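*Asks:* This structure is in structure tokens; I'll ask about it shortly.
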Amino acid sequence: MKVILTGDRPTGKLHLGHYVGSLRKRLEMQDKDDYEKMYVMVADAQALTDNFDNPKKVRDNVKEIVLDYLACGINPEKVTIFIQSMIPELTEYTFYYLNLVTLSRLERNPTVKSELQQKDFNKSIPVGFLCYPVSQAADITLFGATDVPVGDDQLPMIEQTNEIVRKFNSIYGETLTECKAILPDNEKAFRLPGIDGKNKMSKSLGNCIYLADDEKTLYEKVMKMYTDPNHININDPGKIESNMVFTYLDVFATDEYFSKYLEEFKNLDELKKAYQKGGVGDVKIKKFLYNVLNEILTPIRKRRQELEENMDYVYEILQKGTNEARVVAKKNLEKFKKAMQIDYFN
Ligand code: TRP
């Protein structure tokens, strides 16, 4: 049976990129009854690998992320939500995994590489940051996860994890299970770009739409979206490639939204054709996108506000989940140490 595990770094509120890249898939998975366990981890220890000098940011965002999870519909009856740093067994796994990975292998990780470029660590790369894929392998394998719903930027971590699993098993005997990434169904959702159209949605670039954004903020952000700079007059032909409004509509707009908010077109294909021909203004398509997004985000926003009034309940869930995860972790660490022959007094 499947064991599902995934997580997020608590460095900011969750945004639409998280929603389409991984949250939607998690919701779908939690409601199927084909798994043994499902875990969602708040990766505070991983967040500290590049925010070690800002502990308050990480601490504050643990709560924001859990609010986002619950607001989206992650069901604590089905899913164990826990805090990474509260599971010390993860650190033990990581320490022994470090023996199984070379420095050059870590330096080749494309996701880590691009993150290093974005941050200005220059030549002084903290070892902890470079090694976070190893700690992520611990997250996945300690709980015996087989299915990891993530965005495609996490594929190198899954690959790295499976390399460690194979190496571990070949040295210490069959102990660990390999895992696979579960990507979103819609390929367009793999890497949702930010509203600037330049990069993927990322809080450090300030191009995000957050799940918690209020209506006014959402409206303003949609109105600011990058479209086609040469589409100046309504009657000019417009380009839909690298036009963020269409990129987002590709991900979010279903035919029902057209009958509700933009009746003059039956579906996205019709709208695209009309826009390309000329005669459809940017404000019209932006208003439509706003309505679509607002319909998706309104229930999430409402639920989030209710939960914010009830933080005791939120922390209770987090504590219960963490306790549960700890029990599993302790049990699995025993097997792990036995395989490595470091179980001395049994
Ligand atoms: N690296 C993931 C991110 O940046 C977070 C994460 C940590 C994770 N541990 C994990 C994801 C284990 C999946 C499985 O969002």
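*Asks:* Once the Cα gyration tensor of region 181-221 is found, what semi-axes does its equivalent ellipsoid get, as square roots of 5 times the eigenvalues, in whole Å, sorted largest first?
*Replies:* They are 21, 13, 9 Å, listed from largest to smallest.
*Asks:* While we're on this one: What does the highest-first list of 278-289, 23-34 look like by mean Cβ count within 10 Å?
*Replies:* Most protected by this proxy first, the peptides run 278-289, 23-34.
*Asks:* Moving on to the next point. So what is the relative contact order of the chain, in percent, for Cα pairs below 8 Å that sit 6 or more residues apart?
*Replies:* 22 percent
*Asks:* Follow-up question, since we're still on this one. Calculate, for THR91 and LYS180, the FRET efficiency according to 1/(1 + (r/R0)^6) with r their C-beta to C-beta distance and R0 25 Å; round to the nearest 0.05.
*Replies:* 0.50
*Asks:* Roll a 1.4 Å probe over the protein chains and send me the accessible area per residue for the chain in Å².
*Replies:* 50 Å²
*Asks:* How long are the three semi-axes of the equivalent ellipsoid for region 1-158, computed from the Cα gyration tensor as the root of 5 times each eigenvalue, in whole Å, largest first?
*Replies:* 25, 18, 15
*Asks:* Here is a follow-up. With bins 5 Å wide starting at 0, give me the P(r) of region 215-305 over every alpha carbon pair, in whole percents.
*Replies:* Taking all Cα pairs of region 215-305, the binned fractions are 3, 14, 26, 24, 18, 9, 3, 2, 1 percent.
*Asks:* Once the Cβ-Cβ distance between ASN294 and PHE345 is put in as r, and R0 is 56 Å, what FRET efficiency do you end up with, to the nearest 0.05?
*Replies:* Here the calculated transfer efficiency is 0.40.
*Asks:* A further question on this structure: Along Cα→Cβ, 7 Å out, is where each label goes; now give me the distance between the ones at ASP269 and GLU334 in nm to one decimal.
*Replies:* Each label point lies 7 Å from its Cα, and together they span 6.0 nm.
*Asks:* Another one. At 1.306 mPa s and 10 °C, plugging the Kirkwood radius over alpha-carbon pairs of region 1-66 into Stokes-Einstein gives what diffusion coefficient in µm²/s?
*Replies:* D = 124 µm²/s.
*Asks:* Can you give the Kirkwood hydrodynamic radius of region 289-341 from its Cα pairs, in Å with one decimal?
*Replies:* Final number for the Kirkwood radius of region 289-341 is 14.4 Å.
*Asks:* Something else: Let me check against my output: what whole-number percent is the relative contact order of region 215-305, with C-alpha pairs under 8 Å and at least 6 apart?
*Replies:* Normalised by residue count, the contact order of region 215-305 is 34 percent.
*Asks:* Right, next: Taking 41 Å as R0, compute the FRET efficiency from the Cβ-Cβ separation of LYS78 and ASN235 and round it to 0.05.
*Replies:* With a Förster radius of 41 Å, E is 0.20.
*Asks:* Carbon and sulfur atoms: what percent of the 1.4 Å accessible area of region 215-305 do they account for?
*Replies:* Heavy-atom surface of region 215-305 belonging to carbon and sulfur, 1.4 Å probe: 49 percent.
*Asks:* Rg and Dmax of the chain, Cα atoms, in Å?
*Replies:* 22.0, 80
*Asks:* While we're on this one: If packing is taken as the mean number of other Cβ atoms within 10 Å per residue, what is the order of 138-148, 88-98, highest first?
*Replies:* The packing order, highest mean first, is 138-148, 88-98.
*Asks:* Straight-line reach only, C-alpha to C-alpha below 27 angstrom: list the lysines that LYS167 could link to, leaving out same-chain residues fewer than 8 apart.
*Replies:* Result set, ordered by chain and number: LYS2, LYS37, LYS113, LYS180, LYS330, LYS331, LYS335, LYS337, LYS338.
*Asks:* Could you rank the peptides 13-22, 128-137 by their average count of other C-beta atoms within 10 Å per residue, with the highest value first?
*Replies:* 13-22, 128-137
*Asks:* Express the carbon and sulfur contribution to the solvent-accessible surface of region 31-165 as a percent, rounded to the nearest whole number, probe 1.4 angstrom.
*Replies:* In region 31-165, the share of accessible area belonging to carbon and sulfur is 52 percent.
The values are calculated or read from the model by the stated rules, or taken from the named source; none is laboratory data. These numbers were taken from a predicted model, which means no experiment stands behind them. Neighbour counts are summed over all protein chains in view; Cβ atoms, including those assigned to glycine, are modelled from backbone coordinates with ideal geometry. Calculation scope for accessible area: heavy atoms of the full protein, side chains included, ligands and nucleic acids excluded. Shrake-Rupley method; radii C 1.70, N 1.55, O 1.52, S 1.80 Å.
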